[in-house]
Amino acid sequence: MKKTFTLSALAILAFFHSTSAQNKTVSGFSPASASAQLQTEGKFDALLSSRHIGETLKELSAKPHELGSANGKAEAELILQKFKSYGWDAHIETFQVLFPTPKTRVLEMISPTTYQALLKEPALKEDATSDQADQLPTYNAWSADGDVTGDLVFVNFGLPEDYDRLEAMGISVKGKIAIARYGRSWRGVKPKVAQEHGAIGCIIYSDPKEDGYYQGDVYPKGAYKNEFGVQRGSVMDMVIYPGDPLTPGIGATANAKRIADHTLAPNLLKIPVLPISYHDAQPLLAALDGPVAPDSWRGALPITYHIGPGKAKVHLKLAFDWKLRPANDVIAMIKGAQFPDEWVVRGNHHDAWVNGAGDPVSGLAAELEEAKAIGELVKNGYQPKRTLVYCAWDGEEPGLIGSTEWAETHAAELQQKLVAYINSDGNGRGFLGAGGSQALEGM
């Protein structure tokens, strides 16, 4: 039985084995074959161009291209043509998946004073992409529809230990709206835990202490969030299952059997959830009374952090379209010369919440550069021993949708042929961050 390895990386790892610079040996190769392998790797490295990667990055992040959009389809078609031009056998595989986008977003404080949240990131003269048409508004995908009004309670990071602290203080969020700050966990944990404690809604904001002026200069001068910046993202409960919520365990093909209604999907929340900027969060937090927050709960806004509940009451109204949309995976292949039925699969997604220069295009541009270099090697006589499958996934941002649906559709074949999967999401100058299965520890 073949062993299947999984590796997540933030740098180009491709399919090459690690080498020792001191003795020029290669893990898994005999001394006789190591020299030839190192020569091949040297040729591969010489074909990589940072300039070309930068050009690809700019090209693929020129427009917003979320799942199901016209720009997203155009992005997939452009990637397809690139793979083909590099000599790969490539095609687009399309799935029909659920992906809700907002119809209504309202957040307002109704007492003790009134405030209407902006829920918008203003355009910046320094960033020509910031006022492009067709941008998705700021929201959390897979929030439930809802129209709720209730007392506001600050729950720190919204983690189980924070609710333990609230309980010790005699404070409950049952029947109330929780406001949590981003950080210390994946965002989907926060509304899930709020729902488990009886909250009727959840607001998530970026505090400048974690991502703002407390950390350094804000965008566009620096990398941290300015007062209007909002973290979009999914709140699907992917621990239950990832991918299309309506087709668990099977590929979301056009004729797939689907759960009848999204409200019956077990990996989706039952309460409305909305991300906001610290510009919109400050008036809400400033209106809270009740106990002063513990020191470790205090952010960097120029207010005294209180927990509530009390006079601060908010109205949250969200509605989504809940449409099926096409997810376009780009699949490229070069057949192996010796072991064609053993597949090394490489993946990076191509969809983005907006333009996606960092996530995912920086990673995708590197993957395409790898494909370009491998294609050039093949044209000059190189033959990979195993079949290489290079993938550009759609729908990763909402919940690993494109990759999940492809794997579910081809599960039987993958169980027989897959020997390694190498994934990346983004690349940047600095430290390498990687993780993988224990079988890769020796590398």
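The values are calculated or read from the model by the stated rules, or taken from the named source; none is laboratory data. The structure presented is a predicted model; accordingly, all values stated were derived computationally and were not measured. Cβ coordinates were reconstructed from backbone atoms using ideal geometry, including for glycine residues, and neighbour counts include every protein chain displayed.
The residues in segment 213-235 that are within 18 Å of Asn355 (Cβ to Cβ), at pLDDT 95 or above and among the hydrophobic types (A, V, I, L, M, F, W, C) can be counted, and the count is 2.
Run down Ile271, Ile276 and say which single residue is at pLDDT 95 or above, closer than 24 Å to Val354 by Cβ, crowded, with 21+ Cβ neighbours inside 10 Å and of a type outside the set (D, E, K, R). Steps first, answer last, please.
Numbers: Ile271 fails: closer than 24 Å to Val354 by Cβ.
Criteria check complete, one pass: Ile276.
Yes or no: Trp88 surrounded by 13 or more Cβ atoms within 10 Å (Cβ to Cβ), within 25 Å of Ala281 (Cβ to Cβ) and aromatic (Phe, Trp, Tyr)? Taking the combined requirement at face value, the residue does not satisfy it.
Scanning segment 56-70 for residues that are within 16 Å of Asp359 (Cα to Cα) and either in contact with a Lys or Arg (Cβ under 8 Å, 6 or more places away or on another chain) or part of a helix (DSSP H, G or I) (or both) yields a total of 6.
Scanning segment 98-121 for residues that are part of a strand (DSSP E or B) and touching a Pro at 6+ places or on another chain (Cβ under 8 Å), which turns out surrounded by the fewest Cβ atoms within 10 Å (Cβ to Cβ)?
Within segment 98-121, the subset part of a strand (DSSP E or B) is 98-99, 102-111, 115-116.
Still in the list and also touching a Pro at 6+ places or on another chain (Cβ under 8 Å): 98-99, 102, 105, 109, 115.
Details: Leu98: 24, Phe99: 26, Pro102: 18, Arg105: 20, Met109: 20, Tyr115: 16.
It comes out as Tyr115.
Can you tell me which residue in segment 343-400 is nearest to the chain's Cα centre (by Cα), limited to those that are among the polar types (S, T, N, Q) and surrounded by 22 or more Cβ atoms within 10 Å (Cβ to Cβ)? Checking each candidate, the answer is Asn348.
Quick one: which of Ala254, Ala286 is closer than 28 Å to Pro102 by Cβ, hydrophobic (A, V, I, L, M, F, W, C) and crowded, with 16+ Cβ neighbours inside 10 Å?
On the way: Ala254 fails: crowded, with 16+ Cβ neighbours inside 10 Å.
Only one candidate qualifies: Ala286.
The selection criterion, being closer than 22 Å to Pro122 by Cα, β-branched (Val, Ile, Thr) and without any contact (Cβ under 8 Å) to a residue 24 or more places away in the chain, holds for Val218. The lone criterion from (1) farther than 30 Å from Pro248 by Cα; (2) surrounded by fewer than 17 Cβ atoms within 10 Å (Cβ to Cβ) left unmet by Lys82 is number (2). Here is the figure for segment 208-226: residues that are out of contact with any strand residue (DSSP E or B) (no Cβ under 7 Å at 6 or more places or on another chain), charged (D, E, K, R) and under 15 Å from Ser130 (Cα atoms) total 1. A single entry from Thr263, Thr253, Thr247 fulfils the requirement of being in the same structural domain as Lys192 (by TED's automatic domain parsing) and not in a loop (DSSP other than H, G, I, E, B): Thr263.
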